[in-house]
Amino acid sequence: MPSIVSIRNLTKTYSTGFQALKSVNLEIEEGEILALLGPNGAGKTTMISAICGIVQPTSGQILVGGHDVVRDFRATRSQIGLVPQEISLEPFEKVFNTVTFSRGLFGKSPDPEYVEKILRQLSLWDKKDNNIQSLSGGMKRRVLIAKALAHQPRVLFLDEPTAGVDVELRKDMWSVVSDLKAQGVTIILTTHYIEEAEAIADRVGVINKGEILLVQNKAELMAQMGRKQLHVDLAEPITAIPEALASYALELGSDGRSLIYTYDTKRERTGITNFLGDLRSAGLQMTDLATRQSSLEDIFVGMVREKP
């Protein structure tokens, strides 16, 4: 699939000497949902701002739809919709007028039918005549998305779009994102809610300290890097792991009534059969066992911790 956004050797160093981005290379495929994960200060917002022309790169090149964001600013910006972290809306303006005005900023002629379509899609049509100040925080975020879509962009950036939004509304917004993808919109999502990436992303990127650590298909990432854990419940509590089991990667549960055996799903032999045999030989009786696949959150936290 062709790239709609191409980032090559992108760096950003501020006047203070702080290097927010360090030679970032990234290809974003047309029509995909890319979730960009990273801790606070990792460089997520700086990278988005550079792509959108808000921040001037120190070096490197960014292409959007084949156009350079510095030389062809208008051509690139017209293809991009941005939903920022901060809610910045005119409080006394009506919802319909707010979205219509955003369309005009990009030189698009008025199209009430298209604006209605967006508002209905985002469950805002019944609020079209409401002043912005009367809306809940979640509804205001929907208005931000409507504004970003008003000029019919090919690429939509969602910078922490569900921050401060309740769980139910968050899931509604995931559905909206999936619908936009079905219409061919490319979506780049930054989030602290890793379950969002796990639920809707096609690929996952991890950024930390201004560097891209990886970008990979979500399912492949979890298959290649995911670990499994075997949880064994014991009939009687123990205070320490027996010497006979010392060679296994074991953790003792806080109550002493369970053992957790971590193993690599990629290895030809998991060692589970030998472990269970040695468990019996050590005189321990189990009452139950279950396996747990590591989540995307486990993988993300592990990668960030490993990065010096």
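Laboratory data are not the source of any read-out in this text; all were calculated from the coordinates shown. Computed from a prediction, not measured in an experiment: that's the story for all the values here. Positions of Cβ are generated from backbone atoms using ideal geometry, with glycine treated the same way; all protein chains shown enter the neighbour counts.
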* Most fluctuating residue of Thr45, Thr58, Thr191 in a GNM of the chain with Cα springs under 10 Å: which is it? -> Thr58
* To do: Could you tell me how many degrees, from 0 to 90 and to the nearest 10, lie between the Cα long axis of helix 296-306 and the main elongation axis, the longest principal axis, of the Cα atoms of the chain?
  => 80 degrees
* **Part-to-part distance (alpha-carbon centres) for region 114-148 and region 1-30, which is given in Å** => 32 Å
* Structure fact -> If one builds a Gaussian network model of the chain from Cα atoms under 10 Å apart, the most fluctuating residue listed among Glu93, Glu198, Glu168 is Glu168
* Structure fact -> To the nearest 10 degrees, the tilt of helix 272-281 (Cα long axis) against the first principal axis of the alpha carbons of the chain is 40 degrees
* Structure fact -> Shape call for region 3-77, from the Cα gyration tensor axes a ≥ b ≥ c (a/c under 1.5 means rounded, otherwise prolate when a/b beats b/c, else oblate), comes out oblate
* Asked: Could you name the lysines in cross-link range of Lys218, using Cα to Cα under 22 Å and dropping any fewer than eight places away on the same chain?
  -> Lys44, Lys171, Lys181, Lys209, Lys228, Lys266, Lys307
* To do: Could you work out which residue, out of Pro153, Pro237, Pro110, moves most in a Gaussian network model of the chain, that is, has the largest mean-square fluctuation with Cα springs under 10 Å?
  => Pro237
* **Length-normalised contact order of region 3-222 in % [C-alpha pairs under 8 Å, at least 6 apart]** => 29 percent
* Can you list the lysines whose alpha carbon sits under 22 Å from that of Lys94, skipping same-chain ones fewer than 8 residues off? -> Lys108, Lys117, Lys127, Lys128, Lys140, Lys147
* Asked: How big is the antiparallel share of DSSP beta bridges in the chain, given as a percent to the nearest 5?
  -> 70 percent
* Asked: How many nm is it between the label spots at Asp288 and Ala246, if each spot is 7 Å from the Cα in line with the beta carbon?
  -> 3.2 nm
* **Neighbour count of at most 10 Cβ within 10 Å plus DSSP loop: longest trypsin sites (Lys or Arg not before Pro)-free window in the chain** => 72-266
